[in-house]
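> First, the structure itself, so that you have it in front of you.
The values are calculated or read from the model by the stated rules, or taken from the named source; none is laboratory data. Note that this is a predicted model, so its numbers are computed, not measured. For neighbour counting, all protein chains shown are included, and Cβ atoms are generated from backbone atoms with ideal geometry for every residue, glycine included. Each accessible area value is taken on the protein alone, full model and side chains, heavy atoms only, with ligands, DNA and RNA left out. Shrake-Rupley method; radii C 1.70, N 1.55, O 1.52, S 1.80 Å.
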Amino acid sequence: MYSVCNLFSFLFCFCTGNTVLALIVERSGSFIRKQAVNRDNLYASIFRVHQHSILFVVSIAALAVPFTANRGLGYSAWTCLQWGFVVWNKYGVQIPAKGSISLSYISFYFLGAYLGIHFHNIRPWLDSIGRACSVRYKLMTAAIWLSWLAFALLHLQIWYWTRSTGKEMHSLIYELLWNGHTMLSAIVLMQLAFYLERRLPNLGRKLLSQLGDLSFGIYLIHPVFLAVYRKFPWYKGSPLLYPLFIGGGYLFALGMSWIFVYGAIR
């Protein structure tokens, strides 16, 4: 399934002539640089789309040893690695589209790996919303949800201020708010998923379960459908229709990706 989605995405870029951002990893002691590649440079594209597979293996290997699995020490180290790359990129190599490089969000991989390894210990807390639980669990939940709300509001506010005034803050502030917002959102949504599993009817649980099973394929293929949707900007510059255009893109990309991935594995 992974290979099918990657191949489909690559062929889409190849046939439409889109420029693909990629990396060349040189010998030890050299640095990472960006290269804009076209149809003739296939090796860099292959490297880009297989970063996820490589990092999955690395994350399991890194967190499997006692030192890195001990009380989140390994996760903290990989978060420092991510921010080391972010700072290096800002003041050093300055890759414009660093989002195409997995090092810019590697902490997400290791958060998932850490939660997976320690899931038997973490699950009681994740499943504590709406149940009788200890004060410790309640305080942890309140801290996570309030932190998530604070990051979300600050993240939205700073971008509203930027777009409405044309002014900008230091780029690392945007990076920090994005990182905190998305990371905490993942944890909040995991807790919410456990709550919904108990509250939703059977059909709702089956749909969400299927969405979870297909999520990686949907993640890989959704940019293709999103790119197609954006070819038709039907909102015509209207500020009132623009939110509907964005929402429609979300539903279109999700729905079409869901159908495609489901059909591919049937």
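> Calculate the FRET efficiency for Tyr262 and His118 from the Cβ-Cβ distance with a Förster distance of 25 Å, rounded to the nearest 0.05. Let's see the in-between values first.
Details: r = 31 Å, r/R0 = 1.25.
E between Tyr262 and His118, to the nearest 0.05, is 0.20.
> Next question. Not counting ligands, DNA or RNA, and with a 1.4 Å probe, what is Phe232's accessible surface area in Å² rounded to the nearest 10?
140 Å²
> Lysines near Lys98 by alpha-carbon distance under 19 Å, same-chain residues fewer than 8 away left out - which ones?
Lys34, Lys90
> Can you compute 3J(HN,Hα) from phi for each residue in segment 208-214, using the Karplus curve 6.51 cos²θ - 1.76 cosθ + 1.60 with θ = phi - 60°, rounded to whole Hz and x for Gly and Pro?
So the Karplus estimates, Gly and Pro as x, are 5, 5, 5, 4, x, 5, 9 Hz.
> Turning to a different aspect of this structure: With label points built 7 Å along Cα→Cβ from the Cα atoms of Trp161 and Ala77, find their separation and express it in nm.
Taking the simple label geometry, Trp161 and Ala77 are separated by 3.7 nm.
> Here is a further query. State, as an integer percentage, the relative contact order of segment 188-265 based on alpha-carbon contacts under 8 Å between residues 6 or more apart. Walk me through the numbers on the way to the answer.
Working: 35 pairs, mean separation 28.4, N = 78.
Dividing the mean separation by the residue count of segment 188-265 yields 36 percent.
> Still on this structure, please answer the following. Taking Cα pairs under 8 Å and at least six residues apart, what relative contact order does segment 130-266 come out at, in percent?
Numbers: 59 pairs, mean separation 29.1, N = 137.
Relative contact order of segment 130-266: 21 percent.
> While we're on this one: Report the accessible area of Lys231, computed with a 1.4 Å probe over the heavy atoms of all protein chains in place, in Å² rounded to the nearest 10.
150 Å²
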